[in-house]
Structure formats: structure tokens, C-alpha cells
Amino acid sequence: MTPLNPETKRKLSKVSTATLTTALFKRGFRNQFMQGPQRINKGANMVGFAYTLRYIPAREDIDVLESFADRENAQRKGVEECPDGAVFVIDSRGDATAASAGCILATRLMRLGCAGIVTDGGFRDTPEIAELEMPAYHTRPSAPTNLTKHHAVGINEPIACGGISVFPGDVIVGDNEGVVCIPREIADDVADEAVSMTDFEDFVLEMVQEGASTFGLYPPTDPLTKEKYNAWRVANGSQALAG
């Protein structure tokens, strides 16, 4: 997969998923925020392109411990083939009654250069995963092995995760609030707008903290607001464009 534009990645690392969902909404995308997955280890933004794994319900004659020895096991193969800079996104059908993965596989992904791991199910070994440098998102801890409920069948194909569609190569951004999926073809434009929006919202927050009303300020319907914003940008050395 083509790596992300470094400048786009840098911009996305500085903006919130809240701002990104608004930028996407302006473009007609209403359902790009994953419902359920929460970050285990708080920290800086996760940014990378989607590399996916899909589970279906387990079946007792196939999903036995011996299956882990098979080099074609989709879970293990998917981990080993995960590209540098990817976010490993797992479709667990929203079922957290068995683990989607554990600390050993998460650590392997981290060593391969994975930018993060996300599931709409649960992880096991969460106290250990919480100590990893790589961001990890799930719905809740789940100790049982994946084989009790999940059968891995698809590597790097379109999936559902947290109620949204995720296509391989989509741009995945996670912060301490959650995870958003950005269609790859609009990621550069969304990143640019999100940076500008963030800059303006910083100005708005400062004004509100000083006692300003939101009327005419947010949104900036008062003509004086843009003048004040431009002056604020100059005073603060802001690089974003007023608009």
C-alpha cells in the first residue's frame, strides 16, 4: 500500500476526531466514527492506513488450538503480513465475549511498525497492552481466546468495524475520544480543513473563556469575528488560513 503523505499524517496527528467528523459531515459523510472502540492506553493521536482482518462466528470442528500452528491461519498470517505504518483493524462483529487478539500479537504488530490496533470486540491481556507504546482500541477486556467465538477468514478486504465501513487503505485516525475512518481519496483535503478548523476553534475557546457569547462567534456570522480572528492569528503566530 502507498504510504500516507507525510504532511497529511502530520496534520492528522494534531487534530481531534470531533473536528474530523465535522469536516467529513461537510462533505456528506455522516457515519465515519466507530461506535464502541475506546483507547486502552491514552496518548498521542494514532494515524495510519487501514489493514483489515475479518472474523465470522467460530465453529467447533475448525477452531481448535491446533489451528494456530497453521501458517495460513488468517489471524496469524494477517499479523505477520501487516505493513509498516498500517492500523490493524479487526471486524469482530461487535462481539467482545472472546478476545480479538492479545498482547503477544499486539507486540508483534508494534515491532513490525504498525501504527495501532482497533477492534469492535475485546482484547485479552489488557493490562499488558496498556503498557505498549502502540495505540490500542477495543470495547472492553475479554479473556477467552478468539477461537471460542471468532473464526478469522478475511485479510485486507472491506469490513465493518464499530458500525462503519472500512476499506483497505482508508485513513484511520484515533485520539483519546475514539476512532474515525477517512476515505483515502479525500484525506489530504480533510486534513487541511481540520487544521484550519482547529485553529479557529482554539480562538473561539479563548474568546469564550474570556466571557464572549457564542452568538456571532461560533459560527462566525458577525463580520467582526473574522477580523478579530485574523488579529489573533497574527498575535499567536498561527499558520492556518482564515475562512
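The values are calculated or read from the model by the stated rules, or taken from the named source; none is laboratory data. Owing to the predicted nature of the structure, the values given are computational and were not obtained by experimental measurement. Here the Cβ positions follow ideal geometry from the backbone for every residue, glycine too, while neighbour counts run over all protein chains shown. Note: accessible area is taken over every heavy atom of the protein model, side chains too, but ligands, DNA and RNA are not part of it. Shrake-Rupley method; radii C 1.70, N 1.55, O 1.52, S 1.80 Å.
How about residue 226: which aspartates and glutamates have a C-alpha closer than 13 Å to its C-alpha, ignoring those fewer than 8 places off in the same chain?
199, 201
Any chance you could run the full-extension gain for residue 210 through residue 66? It's 0.36 nm times the residue separation minus the Cα-Cα distance, nm to one decimal.
Working: separation 144, 0.36 × 144 = 51.84 nm, distance 6.40 nm.
Answer, rounded to one decimal: 45.4 nm.
Counting other Cβ atoms within 10 Å, keep those with at most 12, restrict to DSSP loop, and tell me which chymotrypsin sites (Phe, Trp or Tyr not before Pro) in the range 162-243 are left.
Details: sites: 200, 203, 215, 229, 232; in loops: 215.
When the chymotrypsin sites (Phe, Trp or Tyr not before Pro) of the range 162-243 are filtered for loop state and at most 12 Cβ neighbours within 10 Å, 215 remain.
May I ask for the net charge around residue 184, where only other residues with Cβ less than 14 Å from the Cβ of residue 184 are counted and Lys, Arg are +1 while Asp, Glu are -1?
Net local charge, residue 184 excluded: -2.
How high is the relative contact order of the chain, in percent, with contacts defined as C-alpha pairs under 8 Å that are six or more residues apart?
Reported relative contact order: 27 percent.
Can you work out the Karplus-derived ³J(HN,Hα) for every residue in the range 162-170? Use 6.51 cos²θ - 1.76 cosθ + 1.60 with θ = phi - 60°, whole Hz, and x for glycine or proline.
For the range 162-170, the Karplus curve yields x, x, 10, 7, 10, 9, x, x, 4 Hz.
What net charge do the residues around residue 36 carry, taking every other residue with its C-beta under 15 Å from that of residue 36, with Lys and Arg at +1 and Asp and Glu at -1?
-1
So, counting K/R as plus one and D/E as minus one, what does the shell of residues with Cβ under 14 Å around residue 217 add up to?
It works out to a net charge of -4.
State to the nearest 20 debye the size of the charge dipole of the chain about its Cα centre, where the only charges are +1 on K and R beta carbons and -1 on D and E beta carbons.
Roughly 100 debye for the chain.
Tell me, what does the Kirkwood hydrodynamic radius of the range 121-243 come to in angstroms if you use every pair of distinct C-alpha atoms?
18.4
Regarding the range 100-142, what is the average projected area of its C-alpha convex hull, in nm²?
Directional mean of the projected Cα hull area for the range 100-142 stands at 2.5 nm².
Jot down the per residue volume, in cubic angstrom and as a whole number, of the convex hull over the alpha-carbon atoms of the range 11-70.
Roughly 170 Å³ of hull volume per residue.
Would you mind getting the accessible area per residue of the range 122-173, heavy atoms of the protein chains only, 1.4 Å probe, in Å²?
41
Under unit Cβ charges (Lys, Arg +1; Asp, Glu -1), what dipole magnitude, rounded to 20 debye, does the range 78-197 have relative to its Cα centre?
Charge dipole of the range 78-197: 660 debye, to the nearest 20.
Tally up the carbon and sulfur contribution to the accessible surface of the chain as a whole percent, 1.4 Å probe, everything protein left in place.
Details: 6440 of 12020 Å².
Carbon with sulfur: 54 percent of the solvent-accessible area.
So how compact is the range 2-140: Cα radius of gyration and Dmax in angstrom?
When restricted to the Cα atoms of the range 2-140, Rg and Dmax are 15.7, 50 Å.
Using helices alone, what [θ] at 222 nm do you get for the chain, with -39,500 (n - 2.57) per DSSP H run of 4 or more residues, divided over all residues and rounded to the nearest 500?
Taking each H run of at least 4 residues, the total per residue is -9000 deg cm²/dmol.
With 21 Å as the limit, write out which pairs from 77/149; 26/228; 14/42 have Cα-Cα distances beyond it, or answer none.
Details: 77/149 19 Å; 26/228 25 Å; 14/42 15 Å.
Listed pairs above 21 Å: 26/228.
Only loop residues by DSSP count here, and only those with at most 16 other Cβ atoms within 10 Å; note down the trypsin sites (Lys or Arg not before Pro) in the range 1-87 that meet that.
14, 27, 30, 42, 59, 71
About the Cα centre of the range 18-137, what is the dipole size in debye to 20, counting +1 per Lys and Arg Cβ and -1 per Asp and Glu Cβ, all else neutral? Spell out each step's value before the answer.
Working: 14 positive and 16 negative charges, 151 e Å.
Its charge dipole is roughly 720 debye.
If packing is taken as the average number of other Cβ atoms within 10 Å across a peptide's residues, how do 139-148, 204-213, 100-109 rank, most packed first? Present the calculation step by step, with values, prior to reporting the outcome.
Values: 139-148: 17.3, 204-213: 12.1, 100-109: 21.2.
Highest-to-lowest ranking by the protection proxy: 100-109, 139-148, 204-213.
Return the ratio Rg/(2.2 N^0.38 Å) for the chain, where Rg is computed over Cα atoms only.
Values: Rg = 20.3 Å, N = 243, 2.2 N^0.38 = 17.7 Å.
Relative to the rule-of-thumb radius for its length, the chain sits at 1.14.
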